[in-house]
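Chemist: Handing you this structure, nothing more for now.
The values are calculated or read from the model by the stated rules, or taken from the named source; none is laboratory data. The shown structure was predicted, so the numbers you read here are calculated from the model rather than taken from an experiment. Please note: Cβ atoms are built from the backbone with ideal geometry, for glycine as well, and neighbour counts cover all protein chains shown.
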Amino acid sequence: MDIKDFRKNAHDMVDWMADYMEGGVCDYPVRPVITPGEIKAKLPAAAPIEGESFGAIFKDFEDIAVPGLTHWQHPRFFGYFPANSSPPSVLAEMLTAALGVNVMMWETSPAATEIEEQMLVWLRDMSGLPPSWQGVIQDTASIATLCAVLTARERATGWQSNSTGLRHQPQLTYYTSSESHSSVMKAMRIAGIGDEALRSVPLGDDLAMDASALKGMIADDILAGKKPTGIVATVGTTSTGAVDPVRAIGEIANAHNIHLHVDSAWAGSAMICPEFRNLIDGLELADSFVSNPHKWLMTNFDCSVYYVKDADALKRTFSILPEYLKTKETGTVTDYRDWGVQLGRRFRAMKLWFVMRSYGVSGLQKIIRNHIAWANELAEIIQVDKDFEIVTGPNLSLICFRVVAKDAYQSDALTEKLVQLVNDDGFTYLTRTIVKGRPAIRIQIGQTQTTRQDVLDAWEHIVNLKKTLKN
């Protein structure tokens, strides 16, 4: 494709993208009604020997790919947590792709590095995080959690495990709740520590970590000759949006010199609204914090911000400096290759820069406050509907509910049937979870283009589908 064709095709694609964002996404079901293998069966068995025209390629994109997607940008997508997008973020992604820079160190992209540094300052201060903390953009919260687990491992072993492994170390133990994200266990495996060293701390009635139980578990492990190493607290758990008591956990962590990481991948974006910052009370006692602008801050996936109290500890964990990476600025500038797993890094700060400038703090706050207000309104509607009950929430913009029936067994069965019926129908999309041993349905409001009417329409549709179920 020459530049002339590129220019024409790009204009056509932007028109398609604009139509999609303007409402074309609503022409599709939120979740496609297809069977496994159906899309693959439409693709040739091997790559073409000769190149094909862009028109043919794009037509297949429209005919094969788009109808087979779950449309995360649909205004009635209420499942999981959102993967936000927005016009300024999309434009920034286009520029990032065209530039194709690698932000592995200052010399390879000075502007990209320094824009990232400043965007992390902007967002830190917007969110009321400790002013001395420093940040880096990771791809996902899973990688940020891995960074925290590894940094905690190095601190606890006197910075020896990177060089000698864990065979000469006492058994390291980490602590989190049963409601924490699966990435915590995955990080334990990658770090070579293993599932058995991850303690599941009991929950309180609010489904948050029980700090007194944590304290007792740490004491027991110390008596058994083990080395308490890391704690992962969650502000806004995936299933229910529960909030672990950061201050109480932080006091325990500090008393025992244990690394405390706070996972607020979803809820962290709401911290730009001062009225919600009580959820991270005590954060100054933690060592690291992660939030995903790509979930609830109108920024395209992937963009996860990871803040640390001690940047030197993070860099000491990850820094490897072969001769080919040494530059005359080494040691005097920020080289983000030392701040995480990746050497090569995308220019993710570009989209964060465009989004924060386009919406402004007040514009972003308005969107989040609307989502939370609509969740509260929906909760009031559910509470007076005799066919449903709220199980948890609303926690920010997340509600868990279930079907009411004559007994728990029938309620659980109808709840399971309803969520499957809703998701197979395609009008909206919800997520199933388990709360205190029983199935529940999550509805989480957070998509960029969602309106109050979308929420009300989705609920009306859910109610009508429930009426089709046999008790």
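Chemist: For segment 335-386, which residues satisfy the criterion of being surrounded by fewer than 16 Cβ atoms within 10 Å (Cβ to Cβ), in a helix (DSSP H, G or I) and of a type in the set (A, V, I, L, M)?
Modeler: Passing the criteria: VAL361, ALA373, ALA379, ILE381.
Chemist: Okay, next question. Of all residues in segment 1-19, which are at pLDDT below 95 and of a type in the set (Phe, Trp, Tyr)?
Modeler: PHE6
Chemist: Still on this structure, I have one more. Could you check ALA413 against (1) over 22 Å from the mean Cα position of the chain (by Cα); (2) over 20 Å from SER239 (Cα atoms) and say which number it fails?
Modeler: Status for ALA413: all satisfied but (2).
Chemist: Could you figure out which of (1) in contact with a helix residue (DSSP H, G or I) (Cβ under 8 Å, 6 or more places away or on another chain); (2) free of Cβ contacts under 8 Å to residues at least 24 places away in the same chain isn't true of TYR324?
Modeler: (1)
One line per residue, one yes/no per condition, for (1) in contact (Cβ under 8 Å) with a residue 60 or more places away in the chain; (2) of a type in the set (Ser, Thr, Tyr):
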| residue | (1), (2) |
| --- | --- |
| ALA98 | no, no |
| ASN102 | yes, no |
| THR113 | yes, yes |
| THR151 | yes, yes |
| ASN162 | yes, no |
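Chemist: ILE445 is checked against (1) in contact with a His (Cβ under 6 Å, 6 or more places away or on another chain); (2) at pLDDT below 95 and fails just one. What number does that condition carry?
Modeler: Unmet for ILE445, out of (1) in contact with a His (Cβ under 6 Å, 6 or more places away or on another chain); (2) at pLDDT below 95: (2).
Chemist: Kindly indicate which of LEU279, LEU314, LEU283 is crowded, with 24+ Cβ neighbours inside 10 Å, of a type in the set (A, V, I, L, M) and farther than 22 Å from ARG345 by Cα. Step through it out loud before you land on a result.
Modeler: Working: LEU279 fails: crowded, with 24+ Cβ neighbours inside 10 Å; LEU314 fails: farther than 22 Å from ARG345 by Cα.
Answer to the selection: LEU283.
Chemist: Here are the criteria: (1) closer than 22 Å to SER304 by Cα; (2) touching a helix residue (DSSP H, G or I) at 6+ places or on another chain (Cβ under 7 Å). Tell me which single one ILE39 does not satisfy.
Modeler: Of the numbered conditions (1) closer than 22 Å to SER304 by Cα; (2) touching a helix residue (DSSP H, G or I) at 6+ places or on another chain (Cβ under 7 Å), the odd one out for ILE39 is (1).
Chemist: Any idea which of (1) free of Cβ contacts under 8 Å to residues at least 12 places away in the same chain; (2) assigned to a strand (DSSP E or B) is the one TYR409 doesn't satisfy?
Modeler: Condition not satisfied by TYR409: (2).
Chemist: Let me ask something else. Residues in segment 202-212: is at least one assigned to a helix (DSSP H, G or I) and either modelled with pLDDT of 95 or more or among the polar types (S, T, N, Q) (or both)? Reasoning before the result, please.
Modeler: Pass one, segment 202-212, residues assigned to a helix (DSSP H, G or I): 211-212.
Subsequent filtering for residues that are either modelled with pLDDT of 95 or more or among the polar types (S, T, N, Q) (or both) retains 211-212.
Yes.
Chemist: Report whether or not LEU129 is in a helix (DSSP H, G or I), at negative phi and in contact (Cβ under 8 Å) with a residue 40 or more places away in the chain.
Modeler: Values: in a helix (DSSP H, G or I): no; at negative phi: yes; in contact (Cβ under 8 Å) with a residue 40 or more places away in the chain: yes.
For LEU129, the condition - in a helix (DSSP H, G or I), at negative phi and in contact (Cβ under 8 Å) with a residue 40 or more places away in the chain - is not met.
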